[in-house]
Every structure is written in C-alpha cells, then in structure tokens.
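Since every read-out is calculated from the coordinates, none of them should be taken as a lab result. Keep in mind it's a predicted model, so treat the numbers as computed, not measured. We place every Cβ from the backbone using ideal geometry, glycine too, and count neighbours over all the protein chains shown.
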C-alpha cells in the first residue's frame, strides 16, 4: 500500500516538474512574440524563418500543454498581445481563466476568496416542462468528456443529456440590401440568414470552409446592381476577399413556401471568391464608401496600414492607394459632408481630405 502511495506521489511530482518546464517554454514564446509584434508596429521587423504567426503560436502552445488547450482561448490571448504588446498577461488565460486583482472587478462580483474567474459563463435552462410546473432535485451528475456531454438524473425519474455543441465567435455582420438578408462571418464560415422567415422558422445558409480566419465583413452596394450583393471580408492573413452572391446561390425562391427549419451547408469551392493580399497583418476593418466608389481596409501593419481604392483592384495586380502609419490603423470612418476620412491608431489619429487627394494630417493622442 505504501509503495503504491509513494509511486503516486512521485508521478505527481514529475507532472508538476513537466508543467513548470512547459510554463517556462511558454513564457519564452510569449516574450519572443511580444518582441516581434513591437518591432512590427515600429516598422523595424524583418521577416525571417523564425517568424511567429498565429498558427505557429497555437501549434507550439498545444504541444506544450496538450489537447486540453482550447483554440478560442489561445486566439484571444494572441489577439491581446498582438493588439497591445505592452498588455499584462497571465499564463492561466490560455486555459480560459483570469486572475482577479484589486479594482479589476465590479463590487458585486468581488468575493473574499475569489482567485480565478472563468472567461465563459453559460446558463443552462431545463428543456422539459416538468421543472416549470413542480419541483425536482438532481440526484446525480455524470460528465462524459470524450463525447462532450453531461448526463443528469432526478428524484422524479427524469434523465437528461446536456450537450454543448461547438460554437464560434461571430466577428462581424452586415445587411445585404438586394437579397434582404443578414450576412455574418465567423472564423472559418460565412453565414447568410434570411430574416424574412422569422415568422415561420429559421432559414439560413452556412458557406464553409474558408481558407483563412475571417475578422470583418461589409456589404458593397453598387447602383448598377439589381439582384446581387457584393460582400467584402478581411482575414487574419492580410487578405481582402470579395464574394458576389445572388438569390440563385441560395435557392431562396424555392424556400419561401416551406415552413420547416432550413439549414443548408454550402461548399465554399462552389463560390467564386476573389482575394488580394493588401496588408502584412490582420485586416481589422473593411468598408465600402459609396460616395467615393471605393473600399477602405485597415490593419495594424505599419507599412500597409490603410488602403483606399476601387474595388476592381481586388481583381488585378495594379498598385493600390495606401498609407503608412506607425503602429498601424485600427479603425476609420468617412464623413460625406466634410469629405474627410478619419483614421485611428494606437497613439495617433489622422485626417485625410478629399480636396487634397487625402493628404494626411496627424494628431498625437
């Protein structure tokens, strides 16, 4: 009995040592990534074989800590250090936990013994009507990890399976003015929702898989279009994507008379998606400006920070009109009355005037 106990204790000690070694390697990975992102924002980084992008960061992190690491937690951590290399980080964030500090939480959430806070909360409502009518008590809860569901039993003899299906962040949405639908993008999919069917049942289409992770989306409405919409999307590899959709793609005329729920998975290979790499970092926003007949896209890239040009440039290799801003551009907006474009970065804001062919005037914040 004592030998078995000693064996268990030695195994636990080895696991602790392995975890500490993994933490040290992870800290080195974070420091190297932060250094790279800082140099990129200053325009001092020169690409080499040791460059760390998101795929490399996620692959290394999963190798260090195993399959328990969830991709959405790693992606949130990577976004945090990419957008703000000076931000304070903790290793537990990649596991979905955050350390609460003084003043970091609202007073109603503070507890005397609070150490960790989960990054996600989900309220589970009971699907049956029995719990709405009379009391019952859960007598047993069993977690089935490899199938990702939980089984419960109650005093009144009710067996229930709670199954949490995989979900993805919606990174952006817009309205398709010609098709009268809502379009949204997740990391690897495009969702088109026919909201007009809301009085009957949901009617939506999922286009997947996408090659890169989609971060933003907008509709490019042109005056000469009657029955089609153009969708602009930015991704994590610096590409701006153009997708033209019509009602024929989704067979909406055939679906209008049906009352049952319509969910259709469409292969992205069946769509003609034009894309062009305009930035060397994530495309943070893309917008079509109808007054200028141009689209704009911005990135935290210090060299190719802001692009403003005709949508036709996505289909060829001709030079585009672009501006370089130290530490990149995080957002922009156009004012039709003043005929200016305002961009915002980490420390500076720029105003570009149409009369002066969008010459930059900067203001240090």
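Would you mind getting me the FRET efficiency between residue 169 and residue 303? Use the beta-carbon distance for r and R0 = 41 Å, nearest 0.05. Efficiency, from the Cβ-Cβ distance: 0.90. Counting beta carbons within 10 Å around each of 55, 194, 48 and listing the fewest first gives the order 48, 55, 194.
Of the peptides 295-306, 68-79, 325-336, the order by per-residue mean of other Cβ atoms within 10 Å, starting with the highest, comes out as 295-306, 325-336, 68-79.
When each of 169, 282 is scored by the number of other beta-carbon atoms lying within 10 Å, the sequence from fewest to most is 169, 282.
Extending 7 Å from the Cα toward the beta-carbon at both residue 155 and residue 270 defines two label points whose distance is 5.3 nm.
By the count of neighbouring beta-carbon atoms within 10 Å, fewest first, 210, 233 end up ordered 210, 233.
Counted residue by residue at 0.36 nm each, then reduced by the alpha carbon distance between them, the extension gain from residue 79 to residue 92 reaches 3.1 nm.
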